[in-house]
Amino acid sequence: MPDWLLYTGSRRPHDGITRLPPPPPWRAFDGEPALHSPEGSSGNEHQATTYRPSDDAVQQVNAALYLRRPLLVTGPPGTGKSTLAYAVAHELGLGPVLHWPITSRTTLRDGLYQYDPLTRLYAAGRDDAPADEDIGRYIRLGPLGTALLPYERPRVLLVDEIDKSDIDLPNDLLTIFEKGEYELPELTRRADPSADVMTADGPGSRVTVTAGTVRCRAFPLVVLTSNGEREFPPAFLRRCVTVELRQPSGEAELAAIVREHLGTLADESDDLVRRFFERSSAGTLATDQLLNAVFLCRHADAHDRRALADRVMPYLSEPIDDD
């Protein structure tokens, strides 16, 4: 294994992140005050400890860490695009993954922070309301906004299915990724633009924002996943490190994946692995469908295992017509 790799894909936690060198001059950030990353698991321990990354994925994860650039992960469903983020966080001890699922209605503001003016207005109208209320009680940072706090170590941010976003979101992210900071106008308009605000790490997690601005210190490892449903603008692509994940290339590789996930439950599943490969030549299937089929057939007393497996392995796209 090359010595420069911090993330190795070993699935065993280690302190390799301490060997991360300083960033390139054009990607250096100086947010203050320095914060310790929250402790805890990545959030998906089974997936993180059973994931088998390709050599290409390992190389590109490290490139993104060294260059302080987002990692754009593409590939068909079921290839482990989202799981890669949890695997990296688990192995390098980077704490809970911040998950930002994307839809066609998602805006940049959704990822940065939320402000609840109605609850604040209601609270201000109560007879017992303090004269100088705590505005931070009504502001909660989103996954992206939390990832850009000035942590000493990079947080892992999973931006899931970026290709489902509105056409403007990738371009809106460019400025944030380049500057590594954002402003909270609700604070900057105040005489005292500082407040203790909530974060995306859950109830009770609060940080102090000063001068109404959040600026990162260690740029987060941003993992953007895409199923390839759209093309991205060149300006966005050139600022990302890219990697394409592929389906397992043979029955032996797929059988090893099944064994990692199911252990002894995977015994005598060669017929189902073979069936999966037979069907995958005619349409799109995902690896997790095979895992479901193996688990179900192991516990169900089915007369026809192939027929039962086929029921839980429907094609994800139109089957290819042999004619």
Original post:
In this structure, is Arg206 modelled with pLDDT of 95 or more, of a type in the set (Lys, Arg) and surrounded by 14 or more Cβ atoms within 10 Å (Cβ to Cβ)?
Top reply: no
**OP:** State all residues of the stretch 207-234 that are touching a Lys or Arg at 6+ places or on another chain (Cβ under 9 Å) and farther than 30 Å from Ala57 by Cα; if no residue qualifies, say none.
**Re:** Gly212
Original post:
Since Trp4 meets every condition but one in (1) open to solvent by less than 60 Å² (accessible area, probe 1.4 Å); (2) assigned to a loop (DSSP other than H, G, I, E, B), which condition does it not meet?
Top reply: (1)
Original post:
Within the stretch 235-258, is there a residue that is among the charged types (D, E, K, R) and part of a strand (DSSP E or B)?
Top reply: yes
Subject >> Long-range neighbours under 6 Å by Cβ, at least six apart or interchain, first residue of a type outside the set (A, V, I, L, M, F, W, C) within the stretch 57-76, second assigned to a loop (DSSP other than H, G, I, E, B) >> reply: Asn62/Leu5; Asn62/Leu6; Asn62/Tyr7; Arg68/Pro23; Arg68/Phe219; Pro70/Cys240; Thr74/Gly228; Gly75/Leu245
Original post:
Do we have Gly93 as within 27 Å of Arg12 (Cβ to Cβ) and either free of Cβ contacts under 8 Å to residues at least 12 places away in the same chain or out of contact with any Ser or Thr (no Cβ under 6 Å at 6 or more places or on another chain) (or both) here?
Top reply: yes
Original post:
Could you say which residue among Gly136, Gly75, Gly125 is among the small types (Gly, Ala, Ser), modelled with pLDDT under 95 and under 30 Å from Thr284 (Cα atoms)?
Top reply: Gly75
**OP:** Identify the single condition in (1) surrounded by fewer than 17 Cβ atoms within 10 Å (Cβ to Cβ); (2) under 13 Å from the mean Cα position of the chain (by Cα) that Asp55 does not satisfy, given that it satisfies every other one.
**Re:** (2)
Original post:
Which residue, of Leu187, Leu157, Leu144, is open to solvent by less than 20 Å² (accessible area, probe 1.4 Å) and not in a helix (DSSP H, G or I)?
Top reply: Leu157
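The values are calculated or read from the model by the stated rules, or taken from the named source; none is laboratory data. None of the values given here were measured: they were computed from a predicted structure. Positions of Cβ are backbone-derived with ideal geometry, glycine not excepted, and every protein chain shown enters the neighbour counts. What goes into the accessible areas is simple: the full protein's heavy atoms, side chains included, and nothing from ligands, DNA or RNA. Shrake-Rupley method; radii C 1.70, N 1.55, O 1.52, S 1.80 Å.
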